[in-house]
Amino acid sequence: MATQTTNYSWNMPAINGDEDAWGSYLNNNINSLDSLLGGVDNTEFQILNGATVTTAELNYLDGVTSAVQTQLNAKTGSLADLSVSSTAAELNTLDAVSRGSLIYGNSSGATALLTKGTANQILTSDGTDISWQNASSGGGLTQLATLDANNADTFTFTGLPATAKMFVLTFYAPNAQGVNYVRLSNDSSMITSGYQTILIQGTSGQAPITRDESGGIAKTQNTSGSEVVTGQIIITRADGTSGSTFDYTAQSSIGIGDNILNLVSGNITLPAVLERIEIDFNGNSTEGDVTLYGV
């Protein structure tokens, strides 16, 4: 009696038996094998020569209904098929970004390229968009004016920017006897009182002297003769924005070395906006300059 194969149940004739059934068994098995191979030729069989593909890998193709490459081409035909919301133009922005450039979102909410600025520029924002600006416009110290100290004892700076949050005054005046005062003003009349100033004055070979000064920011004087007068004064708005109360610190010296050294700190509140800064030397200077900076 014939037995059957495990996978396809093909009949196998019994040895020394089934004398009259061998032919039909073999013919049926050959027909079944022909159907199974489905017309695969020798060339196609050779493709499998040396193949190491696993069952799991072959199963990846399960459910494929047409040529794999054709389906891949169809899927990559548009960005929407890949669930990408960016436009082709936006993605192309990322292609070969130039050195130093930045990727940012523009006014339309699209990806855009901000090319690098020029040397020493800084990146700034107006609260909406970004751009490269020169350092001076980005909050740096800007020279407002320089006055020649030749044959003059009073120097007045006017037209001060209302948006400035800090002023720095530097002076160098040979052959003056000192600085009477540095004063602030909001109109044509200088504020000559109300300064809350602590002045520490040190003279070479003597103990420092501390006293209150209400007439101005700084005062140094040497009645014995003309000397080199130098110093700097920093004036800042107390609220850091646009208020009329100002804090200040100052350092000035008379003479070569530290013959007379003054250290000052204090504050004053003006009736209105700051419009003028005045420095008054004690005695004309024959050279030098006075410079005002703003931030």
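Tell me, what is the FRET efficiency for Thr65 and Tyr8 to the nearest 0.05, using R0 = 41 angstrom and their Cβ-Cβ distance as r? List each step's numbers first, then the result.
On the way: r = 27 Å, r/R0 = 0.65.
Calculated transfer efficiency: 0.95.
If packing is taken as the average count of other Cβ atoms within 10 Å, what order do 53-61, 144-152, 20-28, 3-11 fall into, highest mean first?
144-152, 20-28, 3-11, 53-61
Please list, ordered by chain and number, the residues whose modelled amide H lies under 5 Å from the amide H of Met12; skip anything fewer than 5 residues away on the same chain.
Those lying under 5 Å, H to H, from Met12 are Thr3, Gln4, Thr5.
List the residues, sorted by chain then number, that are 5 or more residues from Glu287 or on another chain and whose placed amide H is less than 5 Å from its amide H.
Amide H neighbours of Glu287, under 5 Å, 5+ apart: Asn151.
Please give the FRET efficiency for Thr118 paired with Ser242, using the beta carbon to beta carbon distance and R0 = 22 Å, rounded to the nearest 0.05.
On the way: r = 31 Å, r/R0 = 1.42.
That gives a FRET efficiency of 0.10.
Taking amide H atoms as placed 1.01 Å from N in the peptide plane, list the residues 5 or more away in sequence, or in a different chain, whose amide H sits under 5 Å from that of Ala218.
Answer set, sorted by chain and number: Val182.
Using θ = phi - 60° and the Karplus relation 6.51 cos²θ - 1.76 cosθ + 1.60, list the HN-Hα couplings for the range 36-46 in order, rounded to whole Hz, with x at every Gly or Pro.
In residue order, the calculated couplings are 5, 6, x, x, 5, 9, 5, 4, 5, 5, 5 Hz.
With label points built 7 Å along Cα→Cβ from the Cα atoms of Asn73 and Asn28, find their separation and express it in nm.
4.7 nm
Applying the Karplus parametrisation 6.51 cos²θ - 1.76 cosθ + 1.60 with θ = phi - 60° to the phi angles of the range 180-185, what ³J(HN,Hα) value in whole Hz is obtained for each residue in order, glycine and proline being reported as x?
My calculation for the range 180-185 gives 5, 7, 10, 10, 10, 8 Hz in order.
Could you give each residue of the range 232-244 its phi-based ³J(HN,Hα) in whole Hz, using Karplus coefficients 6.51, -1.76, 1.60 with θ = phi - 60°, and x for Gly or Pro?
Ordered by residue, 3J(HN,Hα) equals 8, 10, 10, 10, 10, 6, 4, 8, x, 10, 9, x, 9 Hz.
When the chain is fully extended, how far beyond the present Cα-Cα distance does Ser98 get from Glu275, taking 0.36 nm per residue of separation?
59.1 nm
Readers should treat all values here as calculations from the given coordinates under stated rules, not as data from a laboratory. Note that the structure is a prediction, hence the values are computed from the model and not measured. So basically every Cβ, Gly included, is an ideal-geometry build from the backbone, and we count neighbours across all protein chains shown.
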